[in-house]
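First up is the structure itself, then whatever we jot down about it.
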Amino acid sequence: MKKANVFLAIYLLTVSVCFGQKEHLEPAKVFNPNDSNLYGRYLPKIIEYNDIAYKLLYSGFSQKPYARYTVSPAFRAEYAFSVEKINGKNYVISNKFSEYYWYALVEGRQNSVKLNTEKTEIENELYLKIGELFELLIEQTKEKERKFEVGLDGETYEILEIGVDGETYTFTITDQNGEIKTGTTWSPHPSSKPMLSRLVKICDNLCSIGKDNFSETNILKEIKTLINDLKR
């Protein structure tokens, strides 16, 4: 089981850690089931995980997301929210598994995993600002800068910096052409990526909006400030 945990941690962290890079999301990496050398004996479970887990996690979400946030932790339950307009009203719908779905899948008890859902109505100004923030994030998304070094044999090698024991944060919108666009980041630290760290904090707070200490007014203020900072 320990090997399975370590493997999935590496699998979920599709975004490499690149210290000192500019603060922006990176394009989401596409899972390639044909790369059996990378996924090894866990490939069947990973295919099943991709086919089932996120379909369940996105239950009640629009097929064409206005603003969707997904968190894929290495060792705890996955969760997500989607900002929705339903019958002329605006909502944040938050979904979270009762436990880490991968563990349950590997142990053959995925049917025991429950999906907990919260639905909170929000004001139109917050709805619009969330959309503006997500659109700006996707607009600024770009590939990380590749780094190379010359080895002892004189050959040039790309430096791959892989993170472990972290979380992958994914941001998804539908653009004006109806195309779904996604950007992602991995465990941003306040000291190295302060704006992306603030972004994650805001989105985590949106998952809990309506509960104690997660007021709409405060979240709206934080979003406005972050938008201004990202535009600089």
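Derivation of every value follows stated rules applied to the coordinates shown; laboratory data play no part. Quick caveat: nothing in here was measured; it's all calculated off a predicted structure. Quick reminder, even Gly has a Cβ in these numbers, built from the backbone with ideal geometry, and neighbours come from all protein chains shown.
Here are the numbers for the structure shown:
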read-out	value
Förster radius 30 Å - calculated FRET efficiency between Asn177 and Lys221 (Cβ-Cβ, nearest 0.05)	0.40
Exposure proxy ranking, count of Cβ atoms within 10 Å, fewest first, for Thr70, Thr117	Thr117, Thr70
Fewest-first sequence of Trp102, Trp186 by Cβ atoms within 10 Å of each Cβ	Trp186, Trp102
Residue order, fewest to most surrounding Cβ atoms within 10 angstrom, among Asp153, Asp175	Asp153, Asp175
For Ile122, distant residues with modelled amide H under 5 Å away	Asn90, Tyr91, Val92
Cross-link pairs Lys193/Lys221; Lys89/Lys231; Lys96/Lys201; Lys55/Lys181; Lys29/Lys224 - those with Cα-Cα distance over 26 Å	Lys89/Lys231; Lys29/Lys224
Placed amide H near Ala67: partners under 5 Å, 5+ positions off or other chain	Val83
In the range 36-140, the trypsin sites (Lys or Arg not before Pro) that fall in loop regions by DSSP, at most 14 other Cβ within 10 Å	Arg76, Arg109, Lys114
